[in-house]
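Student: Following this message is one structure expressed as structure tokens.
Quick note: the coordinates plus some simple rules give every number you see, no bench work behind them. As the structure is a computational prediction, the values presented were derived from the model and not from experiment. Because the Cβ atoms are built from the backbone with ideal geometry, glycine has one as well, and the counts that use them run over all protein chains shown.
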Amino acid sequence: MSNEFDIVRATGAVLGVGFAALWVWLGMRIINRRERWGKRAALRIGVGLVLYAVSLGPACALCDKLGNPDWFRDPLGFVFFPLALAAQFGPRWVNDAISAYVQWWIHLSVARR
């Protein structure tokens, strides 16, 4: 278990540094060269990240509504693995926020049955 966790942490660190470098590079393009494509790219990346995080609730509610089948739960766990890591190893408030958001969506879907 320790080796797997070390690989996950190393991969997360590399991806995190790469993502931060992308934002710094894009910020320099926007600030120094005032390029429009940089502003549009930053906006699209930001909106994509928000939509990714917000889609966790409806996806978990759908999984619950389908009866939590393996064929749906396993890909869901892979797609939302970064959010699961943030909830598990991040600050307590991140875990609380993600859990409350997912539970709200599940409660919403159960109320509509």
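Student: Out of the trypsin sites (Lys or Arg not before Pro) in the stretch 3-86, which ones are loop residues according to DSSP with at most 11 other C-beta atoms within 10 Å?
Tutor: The qualifying sites are Arg34.
Student: Which whole-number percent gives the relative contact order of the stretch 55-113, counting Cα pairs below 8 Å spaced six or more residues apart?
Tutor: Averaging sequence separation for qualifying contacts and normalising by length gives 54 percent for the stretch 55-113.
Student: To the nearest 0.05, what FRET efficiency results for Leu62 and Trp37 with a Förster distance of 41 Å applied to their C-beta separation?
Tutor: Efficiency, rounded to the nearest 0.05: 0.70.
Student: OK, next. Hey, what do the phi angles of the stretch 20-26 turn into as Karplus ³J(HN,Hα) couplings, whole Hz, using 6.51/-1.76/1.60 and θ = phi - 60°, x for Gly and Pro?
Tutor: Each residue of the stretch 20-26 in turn: 5, 5, 4, 5, 5, 4, 5 Hz.
Student: Tell me, how many Å apart are the Cα centres for the stretch 30-64 and for the stretch 11-27?
Tutor: What the calculation gives is 15 Å, centre to centre.
Student: Here's another thing I want to ask about it. Using 0.36 nm per residue, how much length does the chain from Trp23 to Val110 gain when fully extended, once their Cα-Cα distance is taken away?
Tutor: Separation in residues times 0.36 nm, less the Cα-Cα distance, equals 27.4 nm.
Student: Helix-derived [θ] at 222 nm for the chain: sum -39500 (n - 2.57) over DSSP H runs of at least 4, divide by residue count, nearest 500?
Tutor: Numbers: 6 runs with 100 residues, N = 113.
It comes out at -29500 deg cm²/dmol, rounded to the nearest 500.
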